[in-house]
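Here is the structure we will look at, set down as structure tokens.
Values quoted throughout were computed directly from the atomic coordinates according to the rules given, and no laboratory measurement underlies them. All values derive from a computational prediction rather than experimental measurement. Positions of Cβ are backbone-derived with ideal geometry, glycine not excepted, and every protein chain shown enters the neighbour counts.
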Amino acid sequence: MALYSDKVMDHFRNPRNVGVIEDANGVGEVGNPKCGDIMKIYLKIQDDTIADVKFETFGCGSAIASSSMATELIKGQPLSEALKLTNQAVTEALDGLPAHKIHCSVLAEEAIKKAVKDYYDRSGIAYDPADFPVFEDCDHCGE
Ligand code: FES
């Protein structure tokens with residue numbers, strides 16, 4: 001069996017939603033100190049819906065494929081659904097990642113949650129910190 005699924009190769013070669021949203025109202029950046037890879041997610045949230053999402057990822061192929069798939073999964077979705085996105089869901093949608101590349105999909109989940117948290121902070125919307133446990137003690141980005 002090939003190391004990477006066809007879907008991983010497709011999203012790596014033709015990543016969806018690459019770029020910057022200039023008037024984004026939620027931005028989340030995470031980095032993995034071990035590999036040095038960085039992922040940044042831009043959200044345009046309107047009426048509690050992900051109206052648009054783009055990403056910039058400086059990282060491995062799995063991180064790029066994970067970002068691409070994660071943005072596809074949340075685009076047009078209600079905010080509440082975006083918050084439920086897990087790295088397992090991203091990995092499954094990609095038809096799997098090699099075990100040593102699972103952490104790359106974790107970056108996508110974290111970056112999206114961090115961007116939503118940024119939106120809440122900017123908008124003065126109260127939230128339950130328990131929904132963002134990763135950022136209370138983040139061993140990926142050190143924040
Ligand atoms: Fe660093 Fe994939 S090896 S995100």
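Among residues belonging to the stretch 62-95 that are charged (D, E, K, R) and part of a helix (DSSP H, G or I), point out the one that is surrounded by the most Cβ atoms within 10 Å (Cβ to Cβ). Looking at the filtered set, the residue picked out is Glu72. Looking only at the stretch 52-61, which residues are touching a residue at least 24 places away in the same chain (Cβ under 8 Å) and surrounded by fewer than 21 Cβ atoms within 10 Å (Cβ to Cβ)? Once the filter is applied, which keeps residues that are touching a residue at least 24 places away in the same chain (Cβ under 8 Å) and surrounded by fewer than 21 Cβ atoms within 10 Å (Cβ to Cβ), the stretch 52-61 yields Asp52, Lys54, Glu56, Gly59, Cys60, Gly61.
Would you say Glu29 is among the acidic types (Asp, Glu), crowded, with 22+ Cβ neighbours inside 10 Å, within 21 Å of Phe132 (Cα to Cα) and under 13 Å from the mean Cα position of the chain (by Cα)? Against the criterion (among the acidic types (Asp, Glu), crowded, with 22+ Cβ neighbours inside 10 Å, within 21 Å of Phe132 (Cα to Cα) and under 13 Å from the mean Cα position of the chain (by Cα)), Glu29 does not qualify.
So that you can scan it fast, the table gives a plain yes or no per residue for (1) touching a helix residue (DSSP H, G or I) at 6+ places or on another chain (Cβ under 8 Å); (2) within 10 Å of the ligand (Cβ to nearest atom); (3) of a type in the set (Val, Ile, Thr):
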site	(1), (2), (3)
Gly28	yes, no, no
Ile38	no, yes, yes
Ile41	yes, no, yes
Asp47	no, no, no
Ile50	yes, no, yes
Lys54	yes, no, no
Thr57	yes, yes, yes
Gly61	yes, yes, no
Ile64	yes, yes, yes
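Residues in the stretch 70-81 include at least one that is over 21 Å from Tyr127 (Cβ atoms) and either touching a Phe, Trp or Tyr at 6+ places or on another chain (Cβ under 6 Å) or within 16 Å of the ligand (Cβ to nearest atom) (or both). Residues that are over 13 Å from Gly28 (Cα atoms), within 15 Å of the chain's Cα centre (by Cα) and in contact (Cβ under 8 Å) with a residue 60 or more places away in the chain within the stretch 95-111 comprise His103, Cys104, listed in sequence order.
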